[in-house]
Amino acid sequence: MEKQIVLLPGDGIGQEVIESAKKVLESVTERFHHTFTYHTHDIGGAAIDKHGTPLPDDTVRACQQSDAVLLGAVGGPKWDQNPSHLRPEKGLLGIRKQLGLFANLRPIKGFDQLLHASPLKHEVVAGSDLLIVRELTGGLYFGTPSERRQNGKEVVDTLHYKREEIERIVDNAFQSARLRRKHLTSVDKANVLESSKVWREVVEEKKADYPDVEVEHLLVDAAAMKLITNPKQFDVIVTENMFGDILSDEASVLTGSLGMLPSASLREDGVGLYEPVHGSAPDIAGKGVANPLAMILSTALMLRHSFGLDQEAAVIEEAVQQVLEDGYCTGDLDVKGGKVVGTKEMTRLVLERVTEQD
Ligand code: NAI
Ligand code: MG
């Protein structure tokens, strides 16, 4: 298989972990005889410094012509005082919008070696393995009007969806559920919001197309509670933009570490942007101690979701699992009695296990 991959290292540890991801990908593609070509471009603060904008046209063009994009992270104190059009985050929101990435997938899986780092009880989190499918380009964060009125005495935000926007994210979630344990929980606020009533209608209509998937509806407040009291009841969760934003951060405590969480943002034709959930970690940037595993696991998502390379993705996930089982960790991971290593060594350990699996 031949693919064009754009690398957007961004800022801080983004630059460090993207190197690790590329090395792991190179090793996997070599083993399976695929040819991936990499093109590196600027985004975020790095792009502001070099080109005077967080999202240069050249970067957008390259991403539009690629089969998938890998992004490190953007942001840092250096640009915190900048006016809003010169903020690194503008680059990230801009590229998601420009590429039409409407589906944000966040798999949350507790690794046994890290469970004690979660503030939740071991027996509650052990074995939890779920996927949150969040609508990313509509809903409350994009609806208009969104403005202050009457000199700030009134304010309005708008939760707006076209039916087709709900249909495509619900389809994506059903398809994701099919690849997993075939259970879909649709989360809404249908007892109050009209948009949620339509959301629920769409899920009910779509059900007929996926008879093998079991469907459940939950109100968002109840879902928030169940996510941390009984996470094992969930397989795939599909929900509106803001609900998904909140629930996915909440769910991240199940794993006990930000440095382990990958994400995918997709559009219908399979083109996607893959990035770790964490940010640019300015406090540890340049020290060579960043945990590269979230970025590495993001490449596995790319192989699976953009290219259908399930076996290759599993090789990477298995290698990460084995490194943890062998007792290695980075400074952010609290592995009991763990051998703490830096970014480069962690990457080497993963590479070793990628090549060992035969
Ligand atoms: P952060 O995720 O960068 O860091 C939070 C804490 O976790 C820090 O102590 C950091 O050292 C640690 N950490 C995060 N990832 C790590 C890794 N891979 N290995 C080891 N330790 C890790 O969040 P924070 O500090 O709130 O934001 C820093 C900057 O990143 C800000 O400018 C923020 O806007 C930006 N940011 C960017 C995101 C993105 O590009 N998608 C997402 C979140 C924040
Ligand atoms: Mg968030």
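Nothing in this text is a laboratory measurement; each read-out follows from the coordinates by a stated rule. Since this is a predicted model, take the numbers as computed values, not measurements. With ideal geometry, Cβ positions are generated from the backbone for all residues, glycine too; neighbour counts draw on all protein chains shown.
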For this session: Indicate the helices, whole DSSP H runs only, in the chain that combine a mean Kyte-Doolittle hydropathy of -0.5 or more with a Cα extent along their long axis of 27 angstrom or more.
Result: 13-31
For this session: Mind checking which of Val215, Leu131, Val198 is farthest towards the positive end of segment 119-254's charge dipole, using Cβ charges of +1 (Lys, Arg) and -1 (Asp, Glu) about the Cα centre?
Result: Leu131
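Dipole magnitude of segment 119-254 about its Cα centre, charges +1 at Lys/Arg Cβ and -1 at Asp/Glu Cβ only, in debye to the nearest 20?
For segment 119-254, the charge dipole is close to 160 debye.
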Seminar exercise, completed: The answer for trypsin sites (Lys or Arg not before Pro) in segment 67-142 that fall in a DSSP coil and have at most 12 neighbouring Cβ atoms within 10 Å is Lys121
Exercise. Antiparallel as a % of all DSSP beta bridges within the chain, to the nearest 5?
Worked result: 40 percent
Seminar exercise, completed: Residues Ser118, Ser186, Ser146 in order from fewest to most other beta-carbon atoms within 10 Å are Ser146, Ser118, Ser186
Seminar exercise, completed: Treating every alpha carbon of the chain as one equal point scatterer without solvent, the Debye formula yields log10 I(q)/I(0) values at q = 0.10, 0.13, 0.15 Å⁻¹ of -0.62, -1.07, -1.41
Problem set entry | Share, in percent, of DSSP beta bridges within segment 119-254 that are antiparallel, nearest 5 | 25 percent
Problem set entry | Lys287-Glu2 FRET efficiency (beta carbon distance; Förster radius 30 Å; 0.05 resolution) | 0.25
Problem set entry | Leading residue at positive end of dipole, segment 128-228 (Cβ point charges), from His183, Tyr141, His160 | Tyr141
Exercise. Charges only on Cβ, +1 for Lys and Arg, -1 for Asp and Glu: so what's the dipole of the chain about the Cα centre, in debye to the nearest 20?
Worked result: 520 debye
